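Chemist: Dropping a structure here in structure tokens format, bear with me for questions.
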Amino acid sequence: MNVKPVSGFFLKKIFLFILFFYSFFSLSAEEFYYKHRTGDQYRILSTVTQDVYINNRLSHRAEIINRIAVEVPSVEGDSGNIRAVFHTAEAAVGNNANFHWSREYVSEFRRDRLGYLSIDSRLYMPVVRDVPVFPNRDLKPGDTWAADGYEVYDFRDSFGIAEPYRIPFTAFYHYLGEREWNGKMYPAFSVTYNILYNAPAVRGRVWPSRIQGSTDQIFFWDSELGLSPVSEGTFRMIITLSDGNTAEYRSRSFSYIIDAPVMDKQTIADEVLESIERLEIPGATVRIEEAGVTISIENIQFPANSSLLLSEEKLKIDKLIEILLHYPERDILVSGHTALAGTREMRDQLSLERAQSVANYLMERNVRTPERVMVQGFGADRPVADNNTEAGMQRNRRVEITILEN
């Protein structure tokens, strides 16, 4: 049998085809996995807009800001030991209300290269766990996979449920190929899952008897970082209570890693103290806390049982504004404190309203935009002096401003 030799032209075509096929496959295939490096530190900012329906009627709209500070103290094999601090603040939409600072959670867990967490069951954060996770193989656009995950909720205040409330689900993933965000292309994938959970009874009070929900998210992935720099999604959850009432939450979220350098708290505290002395601000002190650097201004004067900020007190705050403007990249928390007088409910409300008055004045002076100012009221729970003396009560009537680490 005569075999004709393959011409150089055809050899070249075959070579080019193989090269093209290999190049196409290499560029399209992606192996997703987390990268952990000892000493890594980063911050995540998540904003959520939420509509709340009670018995199918719109109750209110809210905006929620979640701040997460993450560090990797150590790495073991392909897993990172992670410490994260979670702060949450919420404000009603459609008015000038400040963002109310909620609970602070500190969580420690281990995450492997594929995204699976090892975490103490008593911890409340993060809420969504084992999402996203990846198969241990290369993925091409259009590939799909599925994995189990779960959500954890803090229902202590709402329903008196003492332990973290766990809701399981199965998440479905779809590799979308490259997508553009902020002028850069990233490998992207979608995550969807539904929840249908018939909850056990809680004795003695109303409890969530049935929980339904759905989640749709898109994650953009940075293969060099081994992290998702940005994600967005929609969420819906309906809680049917044991008394027959329903609460529905419809949410839209946007999360991203923010470029906030690690705070040198000692240097900032020293600078702030020097400025306080130079500006001669009476009754002002500085201390370092985990959340940031706190300036305490004692004996802020308000009319009795009022949150009206007097003009002479604004002069003190004007001097503080000069200090705050030196740190424009940092958000701030304004907290109010009262002396031990009246009922707890009155003290808590008054301290919050007075913190709001100071925060509103800061925003009027364009120190920060509303979403970057949090408020919190502590009532008389954190005294710095004896409430049995008038001098001590004056010291306890104070406002504190924390320059946050974000």
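Chemist: What single numbered condition from (1) farther than 27 Å from residue 236 by Cα; (2) surrounded by fewer than 15 Cβ atoms within 10 Å (Cβ to Cβ) fails to hold for residue 110?
Modeler: (2)
Chemist: Residues that are on the phi > 0 side of the Ramachandran plot: find the strands (runs of 3 or more DSSP E) completely inside region 135-200 holding 3 or more of those.
Modeler: On the way: elements: 144-153, 165-181, 184-198.
Where strands (runs of 3 or more DSSP E) fall fully within region 135-200, none carries at least 3 residues being on the phi > 0 side of the Ramachandran plot.
Chemist: So, in region 219-274, exactly how many residues are of a type in the set (D, E, K, R) and within 18 Å of residue 49 (Cα to Cα)? Let's see the steps before the verdict.
Modeler: At the first step, the residues of region 219-274 found to be of a type in the set (D, E, K, R) are 222, 224, 232, 236, 243, 248, 250, 252, 259, 264-265, 270-271, 274.
Right, trim to within 18 Å of residue 49 (Cα to Cα) and you get 232, 236, 248, 250, 252.
Residues that pass the stated criteria total 5.
Chemist: Condition check: at pLDDT 90 or above, crowded, with 17+ Cβ neighbours inside 10 Å, in a helix (DSSP H, G or I) and out of contact with any helix residue (DSSP H, G or I) (no Cβ under 7 Å at 6 or more places or on another chain). Does residue 257 satisfy that?
Modeler: Numbers: at pLDDT 90 or above: yes; crowded, with 17+ Cβ neighbours inside 10 Å: yes; in a helix (DSSP H, G or I): no; out of contact with any helix residue (DSSP H, G or I) (no Cβ under 7 Å at 6 or more places or on another chain): yes.
Considered against the rule, which asks whether it is at pLDDT 90 or above, crowded, with 17+ Cβ neighbours inside 10 Å, in a helix (DSSP H, G or I) and out of contact with any helix residue (DSSP H, G or I) (no Cβ under 7 Å at 6 or more places or on another chain), residue 257 comes out as no.
Chemist: Can you name every residue in region 284-302 that is in a strand (DSSP E or B) and among the β-branched types (Val, Ile, Thr)?
Modeler: Going residue by residue through region 284-302, those that are in a strand (DSSP E or B) are 284-288, 292-298.
Residues satisfying the conditions are 285, 286, 288, 293, 294, 295, 297.
Chemist: Another one. Is it the case that some residue within region 349-360 is over 19 Å from residue 301 (Cβ atoms) and not hydrophobic (A, V, I, L, M, F, W, C)? Let's see the steps before the verdict.
Modeler: Residues of region 349-360 over 19 Å from residue 301 (Cβ atoms): none.
The answer is no; no qualifying residue exists.
Chemist: May I pose another question? Would you say residue 178 is in the same structural domain as residue 39 (by TED's automatic domain parsing), surrounded by 13 or more Cβ atoms within 10 Å (Cβ to Cβ) and of a type outside the set (A, V, I, L, M, F, W, C)?
Modeler: Working: in the same structural domain as residue 39 (by TED's automatic domain parsing): yes; surrounded by 13 or more Cβ atoms within 10 Å (Cβ to Cβ): yes; of a type outside the set (A, V, I, L, M, F, W, C): yes.
Yes; evaluated as a whole, the condition is true for this residue.
Chemist: Consider residue 300 against the criteria (1) in contact with a strand residue (DSSP E or B) (Cβ under 7 Å, 6 or more places away or on another chain); (2) modelled with pLDDT of 90 or more; (3) of a type in the set (A, V, I, L, M): it satisfies all of them except one. Which criterion is unmet?
Modeler: Unmet for residue 300, out of (1) in contact with a strand residue (DSSP E or B) (Cβ under 7 Å, 6 or more places away or on another chain); (2) modelled with pLDDT of 90 or more; (3) of a type in the set (A, V, I, L, M): (2).
Chemist: What residue, among those in region 276-299 that are among the polar types (S, T, N, Q) and crowded, with 18+ Cβ neighbours inside 10 Å, is farthest from the chain's Cα centre (by Cα)? Break it down into steps so the answer makes sense when it comes.
Modeler: First pass over region 276-299, keeping only residues among the polar types (S, T, N, Q): 285, 294, 296, 299.
Still in the running and crowded, with 18+ Cβ neighbours inside 10 Å: 294, 296.
Details: 294: 21, 296: 25 Å.
Here the answer is 296.
The rows are residues; the columns are (1) touching a Lys or Arg at 6+ places or on another chain (Cβ under 6 Å); (2) within 20 Å of residue 64 (Cα to Cα).
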| position | (1), (2) |
| --- | --- |
| 233 | no, yes |
| 244 | no, no |
| 264 | no, no |
| 301 | no, no |
| 316 | no, no |
| 327 | no, no |
| 333 | no, yes |
| 336 | yes, no |
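Chemist: So, one more: Could you list all residues from region 152-170 that are surrounded by 14 or more Cβ atoms within 10 Å (Cβ to Cβ) and either under 22 Å from the mean Cα position of the chain (by Cα) or modelled with pLDDT under 95 (or both)? Steps first, answer last, please.
Modeler: Filtering region 152-170 down to residues surrounded by 14 or more Cβ atoms within 10 Å (Cβ to Cβ) leaves 152-156, 158-159, 161, 164-165, 167, 169.
152, 153, 154, 155, 156, 158, 159, 161, 164, 165, 167, listed by residue number.
Chemist: Another question about this same structure. Which number in (1) without any contact (Cβ under 8 Å) to a residue 40 or more places away in the chain; (2) more than 30 Å from residue 68 (Cα to Cα); (3) of a type in the set (Lys, Arg) marks the one condition that residue 287 misses?
Modeler: (2)
Chemist: Among residues belonging to region 125-139 that are charged (D, E, K, R) and modelled with pLDDT under 95, point out the one that is farthest from residue 30 (Cα to Cα).
Modeler: Taking the candidates together, the pick is 137.
The values are calculated or read from the model by the stated rules, or taken from the named source; none is laboratory data. Computed from a predicted structure; not experimentally measured. Every residue, glycine among them, receives a Cβ derived from its backbone with ideal geometry; neighbour counts consider all protein chains shown.
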